[in-house]
1. Just the residues that are part of a strand (DSSP E or B) and open to solvent by less than 30 Å² (accessible area, probe 1.4 Å), please, taken from the range 136-152.
2. Could you list, ordered by first residue, the pairs with Cβ atoms under 9 Å in which the first is in the range 49-74 and at pLDDT 85 or above and the second is open to solvent by 70 Å² or more (accessible area, probe 1.4 Å) and among the polar types (S, T, N, Q), at least 6 apart or interchain?
3. For the range 167-247, which fully contained strands (runs of 3 or more DSSP E) count at least 1 residues that are open to solvent by 10 Å² or more (accessible area, probe 1.4 Å) and more than 27 Å from Ser156 (Cβ to Cβ)?
4. Which condition number in (1) polar (S, T, N, Q); (2) surrounded by fewer than 17 Cβ atoms within 10 Å (Cβ to Cβ); (3) closer than 21 Å to His208 by Cα is the one that Asn155 fails?
5. Give the residue, chosen from Glu228, Glu203, Glu216, that is touching a helix residue (DSSP H, G or I) at 6+ places or on another chain (Cβ under 9 Å), assigned by the TED database to the domain that holds Asn114 and of a type outside the set (S, T, N, Q).
6. Whether any residue in the range 107-126 is within 25 Å of the chain's Cα centre (by Cα) and modelled with pLDDT under 70 is what I want to check.
7. Where the second residue is part of a helix (DSSP H, G or I) and open to solvent by 10 Å² or more (accessible area, probe 1.4 Å) and the first is touching a residue at least 60 places away in the same chain (Cβ under 8 Å) and under 25 Å from Ile33 (Cα atoms) and lies in the range 109-120, which pairs have Cβ atoms under 6 Å and are six or more apart or on separate chains?
8. Suppose the filter is of a type in the set (Gly, Ala, Ser), surrounded by 19 or more Cβ atoms within 10 Å (Cβ to Cβ) and in a strand (DSSP E or B); does Ala128 pass it?
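The values are calculated or read from the model by the stated rules, or taken from the named source; none is laboratory data. Model, not experiment: these values are computed from the prediction. Note that each Cβ is placed from the backbone with ideal geometry, even for glycine, and that neighbours are counted across all protein chains shown. Note: areas computed on protein heavy atoms with side chains; ligands, DNA, RNA excluded. Shrake-Rupley method; radii C 1.70, N 1.55, O 1.52, S 1.80 Å.
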Amino acid sequence: MPFLENFNDQTPLQMIGNVIDILLVWFVIYKLITVIKGTKAVQLLKGIFFIIIARLVTQALNLETLGWIMQQVLEWGFLAIIIIFQPELRRALEQLGRGKLFSSSTLNEESERNRLIEAMSKSVSYMAKRRIGALISIERETGLSEYIETGIPMNSDITSELMINLFIPNTPLHDGAVIVQKNRIAAAACYLPLSESPFISKELGTRHRAALGISEVTDAITIVVSEETGAISLTANGDLHRNLSLEDFEVKLRRIWFGAEQQQAATSWWNWRGKKNG
């Protein structure tokens, strides 16, 4: 085969160069995907793939008219992409000129994490000082769709102002849990399963039982602000952390939500049973 003959004729240095070339191409493609991830360009890529598949189908079935239309769309589509996404392309070129094209994804991700932690911290601090009861559950690996369906759909950005307003007493959505999914407020006034464990302290109310209940059946993180005392609590994988200071709350939320450590759900149920402050 010509390919094998050409491959055998290459020197070790040429083969290493080819491997490096392939790895660099994949790296560039990966970084470009991470840059456009979460933007409207993702929908554009889906459309392009659909058109390419349609073009291949028309070729296979010999559909000349439809195939000609698909070919024109592909040929002129790139010009349309340049016009439509001119601001994004200009920003990418500016980042390339500053040497920030490949670092922007990491920076944006870290910036978004800081924004989410700050929004949660500000809202929890405000509600704790004023003893406004709150129940916020954050989805991780285990889906919370069945619980989201019990509430009122929101699909909103997470801001401290919105989070506070949702739990203001005597408002339509204050009773129930707010569920966060994919870094957005998915729904409010949701119902969470109550824990039926006999080992839960008698002083814990419905919100804490719901927070423990959802943590026993999913890996969600749930934040509780007590309406009676203003105390801040957090549950994850069956662990209940009570009476947290704002600083401790931020540290634990960041570590569990974004940290690399993954707690073992199989042993967590036994751990919270023996906690004096949890």
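1. So in the range 136-152, the residues part of a strand (DSSP E or B) come out as 136-138, 152.
Passing the criteria: Ile136, Ser137, Ile138.
2. Thr58/Thr65
3. On the way: elements: 177-181, 184-190, 221-225, 232-236, 239-244.
Once the strands (runs of 3 or more DSSP E) in the range 167-247 are filtered for at least 1 residues that are open to solvent by 10 Å² or more (accessible area, probe 1.4 Å) and more than 27 Å from Ser156 (Cβ to Cβ), what remains is 239-244.
4. Here Asn155 clears every test but (3).
5. Values: Glu228 fails: touching a helix residue (DSSP H, G or I) at 6+ places or on another chain (Cβ under 9 Å); Glu203 fails: touching a helix residue (DSSP H, G or I) at 6+ places or on another chain (Cβ under 9 Å).
Of Glu228, Glu203, Glu216, the one residue that is touching a helix residue (DSSP H, G or I) at 6+ places or on another chain (Cβ under 9 Å), assigned by the TED database to the domain that holds Asn114 and of a type outside the set (S, T, N, Q) is Glu216.
6. Step one: filter the range 107-126 for residues within 25 Å of the chain's Cα centre (by Cα), giving 107-126.
If we keep only those that are modelled with pLDDT under 70 as well, we get 107.
Checking the range 107-126: at least one residue is within 25 Å of the chain's Cα centre (by Cα) and modelled with pLDDT under 70.
7. Arg113/Phe258
8. Working: of a type in the set (Gly, Ala, Ser): yes; surrounded by 19 or more Cβ atoms within 10 Å (Cβ to Cβ): yes; in a strand (DSSP E or B): no.
Considered against the rule, which asks whether it is of a type in the set (Gly, Ala, Ser), surrounded by 19 or more Cβ atoms within 10 Å (Cβ to Cβ) and in a strand (DSSP E or B), Ala128 comes out as no.
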